[in-house]
Each structure stands twice: as C-alpha cells, then as structure tokens.
Amino acid sequence: MVGGVTLPPAHATPRLSDIAAQAQVSEATVSRVLNGKAGVAASTRQRVLAALDVLGYERPVRLRRRSAGLVGLVIPELTNPIFPAFAQIIEQSLAGHGYTPVLCTQMPGGATEDELVEQLEERGVTGIVFLSGLHADTRADPGRYARLASRGVPYVLINGYNPKIDAPFVSPDDGAAARMAVRHLAELGHERIGLAVGPARYVPSRRKAEGFVEALGESFGLSRGQAERRVQHTLFSVEGGHAAAAALLEEGCTGIVCGSDLMALGVVRAARQRGLDVPGALSVVGFDDSQLIAFTDPPLTTVRQPVQAMATAAVGALIEEIHDRAHGRQTPGRRTEFVFQPELVVRGSTGPVRE
C-alpha cells in the first residue's frame, strides 16, 4: 500500500482502462504504446509510461529504458497535505521525463536540509528540487545554494524567492492570494478582518502579510500601522492557527484569512471552543486547497495554490538547467521567478457578517 492506495503486484497485467484514465488518453493509445507501435507523440508516450509507473505496473521489457538520472526532491514534512500533493506531481513529471525521483523529507530531529543535500550528492543526483526550503527563510545563508551550483548540481526552488540565489524559482502570487481573500470577506460585509500567517522570516509569510495590509488599506482606508496590528505571525500549523485566532478574536475580528489550510482548521477549532459558529459568527479563509479540505466541517473556503502548474513548471525548468549544464550553456535569463496566479474557492466557511 502506498499513500493509502493498494497497488497491483508488479507482475500484474496492466489494465488499459486504468492506464488510459491515469494518462488521460484513449485505451487505443495505451495499446499502441504498450505494443511499441509508431504513430504516438513522444509526450503522449511518456504520459502513458509515467502512468504505468504511478499505478505500480512493471513496464513491458521492450519499453524499459535506462534512467536518465536521479533527481532529489527535498521537502519540509509530510504532515501538511500540500507537500505530498506537490511531491506526487513532481515525481510523476520527473518519471515522465525518464528521471528517477528520490524523496527526502525533513523530520523533527532528523536530517537537516544540508545533510539531505550531502546525501543526495553522494548518490550522484542529476539535479534537486527544493520545496519550501531554507531558500524561503530570510535568516538562512543563501550561500549554500551558490556552493551547490559551484559543485555542478542544477536545482530549482519552489515557494520563497531570494534574489541572492541564482536559480529558477516557482511561486504562487502570495500577495494576490491575501488580497482576494480580503476582498471576498469585504464583499460579505466584514470590516474587522485579521490575518493568521506563518513566521515573518519566511518570504511567503511576508508576501501574504504585505498583500493583506494593502487590501485593508484599499478596502477600508486603514493605515499601514492599523492594518499591521491585524496580522498575527505564528506557526504554519493547526496549533498556530488556534493561537492566532485567540488574539484576533479578542480584537473583534469577524473574518480571518489564514496562511495555510491547517492554520484555518485551527482557527475553526478556536472559534468553536468559544461557542462561535463558523461561518455564522466568524468567517474563515484558508490557503492551499489541499486534498480533503472540501470535506471538512464546514467545507473550507480557501485560496487554491496552483500545484499542478507550479510542479510541472519546476520540473521543466530543472530539466532545462540540466540540459544546459550538460552542454556547457549558461542561461541567466531563466534564473528568475515564475509566478502563478492562485484561485479563490468559495465553500461553507465564509458567510455574510452578522448584523
């Protein structure tokens, strides 16, 4: 069993319908690929082969190919469902390009990011994808990434732009996410709106806070100082959201924007402990739209992080870096930040302000 899904035995006969659904192609196309027939685009063929890998089927002997190399994926944890969501798409995309993904997770008391990188280098990785790593921490030394590049290891960084690091970055528009959440609550009549977000040293937290402050100024004419008093920096966790909610509810907030879905669940829990109904007495907006959030009680209004597009873009950028390094080319024009627009998903945790 992997990720709660029972995989077929490696020697099982592939079911065309399952592979076609996973690869989003016809069964006839799957049949052509499995039988090694011509007339299938290379990208489509790779999708079918990646679907075989994801579903746990062995590739037919004639279709097996030597791995193009190992690519490390370094993520902070697996308890926040947004990280496994990213990991799944990144791994599938890498497999589709012929690379073998190596997942490295930082756990409390476990290996640090630097130690994981060292282990990956010892295994001879072709490249590394960093998701919400030390690059997002403004207090961390960005020199570690320059040293990694000097050793000839290409990499790409997701969530947390740092202009001192010469590499491709992929990010959601955190400021826009906060602004659209505030506008949504304002349209519902809320004026006392607060923000529960992660530690200020992290770039995504800073960007969300900046967008939030701007939105309060635009919507209600609050000064920067007034708006900043509505911001609670805490941990990106259920407990962090719970703690932030206590302070924001004391300030009389009827709407709270959160830096993650887990924080939003903590806000809902804090409200209920005070006997407050969500959304009757308090409206809550999350961020990420991770799996199962639509099935919480109430279903969570959230700002959806474009995981599929971001993960695919990150892999594409890394492969370009790998190819360029292999051919001795330098491409500073691509070492920039690719910003993706989030989407507000309205569900049951937000409603009109109570008169």
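The values are calculated or read from the model by the stated rules, or taken from the named source; none is laboratory data. In this text the structure is predicted, and so the values were computed from the model without any measurement. Backbone-built Cβ (ideal geometry, glycine too); neighbour counts: all protein chains shown. SASA here: full protein model, heavy atoms, side chains in, ligands and nucleic acids out. Shrake-Rupley method; radii C 1.70, N 1.55, O 1.52, S 1.80 Å.
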Which cross-chain or sequence-distant (5 or more) residues have an amide H under 5 Å from the amide H of ASN80, H modelled 1.01 Å from N in plane?
none
Integer Hz, Karplus 6.51/-1.76/1.60 couplings in order for region 272-278, x for Gly and Pro:
5, 5, 8, x, 9, 7, 10
5 Å is the cut-off here: which amide hydrogens, built 1.01 Å from N in the peptide plane, fall below it relative to GLY194, excluding neighbours closer than 5 in sequence?
GLY255, ILE256, VAL257
Out of ALA28, ALA178, ALA186, any idea which swings most in a Gaussian network model of the chain, alpha carbons joined below 10 Å?
ALA28
Between the helical axis of 113-122 and the dominant principal axis of the chain, each derived from Cα atoms, what acute angle in degrees is found, rounded to the nearest 10?
0 degrees
For region 16-63, with all protein chains present and a 1.4 Å probe, just round the carbon and sulfur fraction of the accessible area to a whole percent.
51 percent
With a 1.4 Å probe and all protein chains left in place, how much of the accessible area of region 239-337 comes from carbon and sulfur atoms, in whole percent?
53 percent
Cα gyration tensor of region 174-305, axes a ≥ b ≥ c as square roots of the eigenvalues: rounded (a/c below 1.5), prolate (a/b > b/c) or oblate?
rounded
Compute the accessible area per residue over the chain, keeping the other protein chains in place, probe 1.4 Å, unit Å².
46 Å²
Coil-residue trypsin sites (Lys or Arg not before Pro) of region 116-160, DSSP, other Cβ within 10 Å capped at 13
ARG123, ARG139, ARG151
What is the ratio of the Cα radius of gyration of the chain to 2.2 N^0.38 Å, with N the residue count, to two decimals?
1.09
Per DSSP H run of n ≥ 4, the term is -39500 (n - 2.57); total these for the chain, divide by its residue number, and report the mean residue ellipticity at 222 nm rounded to 500 deg cm²/dmol.
-13000 deg cm²/dmol
